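In what follows, a structure is listed as structure tokens, so that the remarks can point back to it.
The values are calculated or read from the model by the stated rules, or taken from the named source; none is laboratory data. On a predicted model such as this, the values are computed, not experimentally measured, just so you know. Ideal geometry is used to build each Cβ from the backbone, glycine not excepted, and the neighbour counts take in all protein chains shown. Heads up: the accessible areas ignore ligands, DNA and RNA and are worked out on the full protein's heavy atoms, side chains in. Shrake-Rupley method; radii C 1.70, N 1.55, O 1.52, S 1.80 Å.
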Amino acid sequence: DDAEVSDEIWDEVIDAMKIRVQDKIPAIRVFSVRALSRFAIDEEDGGIIDIFLETLEKEQNAEVRKTIILSLPPSSATLESIIESTIDTSESVRRAAYSVLSTKFPLQSLSIKQRTTLLHRGLSDRSTSVKNECLRMLKEEWLVKHCGGDVITLLRFLDVETYELVGESVMGVLLKDGSVRVQDGQTIRQYFTANTEDAEQVSSIKLMEAEVALYWKVMCMHLQAEAQVKGSEAATTTGTEAAVYASEASDKNDLLDGVLPSTVAEFVDLVKAHLSAGPNYHFASRQLLLLGGMLDFSDSMNRKVASSFLYELLNRPLEHEVDEDGNQIAIGDGVSLGGDLQWAKAVSELAKKVHASIGEFEMVIATVVEELARPCRERTADFMQWMHCLAVTGLLLENTSTLRSLEGTAIRPSEVLQSLLLPAAKQKHVDVQRAALRCLCLFGLLENKPSTELVKQLRLSFINGPDLVSAMASKALIDLVSWHGPQELDQAIGTEPSDANYEKTQFAPVDISDLNDDDLNVGVLSILFSGFHKDDWEFSPEGDNHDNVPTILGEGFAKILLLSENYPSISADLHPVILAQLVRLYFLEESKELGRLKQCLSVFFLHYPSLSEKHKAS
């Protein structure tokens, strides 16, 4: 350590090691990186970090990549490369990346996107050792060191409103590991405070932050699952072992009962308070609504209170904004109840819990649909009334097993189709059309055979509609083709003969821009395939790009090829034609912006040849 070495010798050593980083022998490259790492922390590192990053990008040997990762100093210049290494093909490199991130980069130095990306990758990694390294980072560094053991503080660093699944995953692994548990005195009931005013006791509710609401939802679901597991183990064993399991199940149930609202009325008041607090508490409202699935509705009074609350939720107007021209714009996804698919699922789960039989559930939702549909049938409904009615109708169709079960309800299937969905699909507003087409798809999936009017409307919307409408129509047609088969759809409009042995051997050459309402001689599959050749589809490069026609068609035809044995009416001669089109689509310049499409087709091209010798030959 105290040896005197001249600067000239150091420079010669460093220059020599820089050369050896490119040596043909991996072991020499490893030792060269280790030698240079001692100088990489200097402010004037002579370009060592740049050499490391360039080498890392093209290095083929996993041990060398691992050594480079371990040698990189913490900085904004190295962070992105280390994060990218968490998806390296080598398990040891991925584990090293998490180790470096854990020890060299404090939680606060990472952006929310980086934190959630790291957790999503690490906690779902196929390697146990990588998962354990990620869990160690999460527990020992992030939770204990940077958050003082407070899981709520940790969740605040993850923006659970945007990255809900990551928040749930974090809570799940920490609960399973035993790092998080219900503390003495912790309960949802602590958010009910009693104030005495004028000798009367008035109960007020303290609003929960998004992180707290997620915490309680996952915690309660965890306790319920543990109680069910212990109960099942008690039922399948005997003697002392069964008694132990039964006691543990009872303890978990008691703990769950102690943290949940004491009554159904309190639960309803809690959710209502958050709903009334405005859009900033919508996320918390949804988390709390899911707690209803753990409450007891066997008592008639509890059911009555919950049923009344459900009626309010279903009739709750959709939130909207007004633009500069005075036009109403729905907030959210524009097709689901509350403008949020997850909210719609939460409402339906509560409804199924309160109305235990599916028939009773359908009766209740159908009654609301009938009430909302009246102004639509009378053509007096405004934009938001149409949207609200279609959102509840979608909820009904999503949770119905057959159309026959709707026959005895307040609104018959034929009325839903003829008086509501088909007229809605012809409305001028794009959002109303999209919501109607989604419902038409759900309706068609429930039919034994697709109806003529339904298929005609979907074809028409795909051909003539604006791009967003065409995208929804193409998604509906692909789903119906996958479910019923292309021949059934063509028969519905009289395009193909009803011959069980009929095979479609070619796509009709068609330009969808030239089609009109009366061109029913062109099959559905040919029309969809012609969508590949239209060059002016519009899409936004932002977001996940799910709702654009090229992505929907690419995914749809890829599924048709993968499941080609289910569609005997599609000749094997068409398979190479479809495959060639998918290859062309993948390499189109415009497809570079469509991340979901690129990912889907990459997986498809990997798996398709392995399914059969015929696929490999094509």
### Residues within the range 87-114 that are open to solvent by less than 20 Å² (accessible area, probe 1.4 Å) and either assigned to a helix (DSSP H, G or I) or touching a strand residue (DSSP E or B) at 6+ places or on another chain (Cβ under 6 Å) (or both), tallied
9
### Task
Select from the range 140-178 the residues that are of a type in the set (Val, Ile, Thr) and outside any helix (DSSP H, G or I) and list them in ascending order.
160, 162
### Query
Residues of the range 115-140 being open to solvent by 10 Å² or more (accessible area, probe 1.4 Å) and within 15 Å of residue 167 (Cβ to Cβ), which ones?
115, 117, 120, 123, 124
### Message
So for the range 349-356 (the condition being out of contact with any Phe, Trp or Tyr (no Cβ under 9 Å at 6 or more places or on another chain) and open to solvent by less than 50 Å² (accessible area, probe 1.4 Å)), does at least one residue qualify?
### Response
no
### Query
Out of all the residues in the range 466-482, is one or more modelled with pLDDT of 95 or more, in contact with a Pro (Cβ under 7 Å, 6 or more places away or on another chain), part of a helix (DSSP H, G or I) and in the same structural domain as residue 555 (by the TED database)?
yes
### Query
Here are 460, 396, 390: which of them is aliphatic (A, V, I, L, M), closer than 27 Å to residue 547 by Cα and open to solvent by 30 Å² or more (accessible area, probe 1.4 Å)?
460
### Message
Which condition from (1) within 29 Å of the chain's Cα centre (by Cα); (2) surrounded by 14 or more Cβ atoms within 10 Å (Cβ to Cβ) is the one that residue 73 breaks?
### Response
(1)
### Test: residue in the range 277-286 that is farther than 30 Å from residue 432 by Cα and outside the structural domain of residue 442 (by the TED database)
no
### Task
Tell me, please, whether a residue that is within 19 Å of residue 342 (Cα to Cα) and either open to solvent by 10 Å² or more (accessible area, probe 1.4 Å) or basic (Lys, Arg) (or both) can be found in the range 221-229.
yes
### Message
I want to confirm something. Restricting to the range 414-449 and keeping residues that are of a type in the set (Gly, Ala, Ser) and over 20 Å from residue 547 (Cβ atoms), which single residue is least open to solvent (accessible area, probe 1.4 Å)?
### Response
419
### Residue that is farthest from the chain's Cα centre (by Cα), among those in the range 115-131 that are over 25 Å from residue 156 (Cβ atoms) and part of a helix (DSSP H, G or I)
129
### Task
Could you figure out which of (1) of a type in the set (Ser, Thr, Tyr); (2) within 29 Å of the chain's Cα centre (by Cα); (3) open to solvent by less than 50 Å² (accessible area, probe 1.4 Å) isn't true of residue 401?
(3)
### Task
Examine the range 357-373 for a residue that is touching a Gly at 6+ places or on another chain (Cβ under 6 Å) and either buried (at least 22 other Cβ atoms within 10 Å of the Cβ) or in contact (Cβ under 8 Å) with a residue 40 or more places away in the chain (or both), and state whether such a residue exists.
no
#### Entry: Qualifying position, being in contact (Cβ under 8 Å) with a residue 24 or more places away in the chain, open to solvent by 70 Å² or more (accessible area, probe 1.4 Å), under 30 Å from residue 271 (Cβ atoms) and within 29 Å of the chain's Cα centre (by Cα), among 143, 174, 165, 158
165
### Query
Would it be correct to say that residue 583 is open to solvent by less than 90 Å² (accessible area, probe 1.4 Å), without any contact (Cβ under 8 Å) to a residue 24 or more places away in the chain, out of contact with any Lys or Arg (no Cβ under 6 Å at 6 or more places or on another chain) and of a type in the set (A, V, I, L, M)?
yes
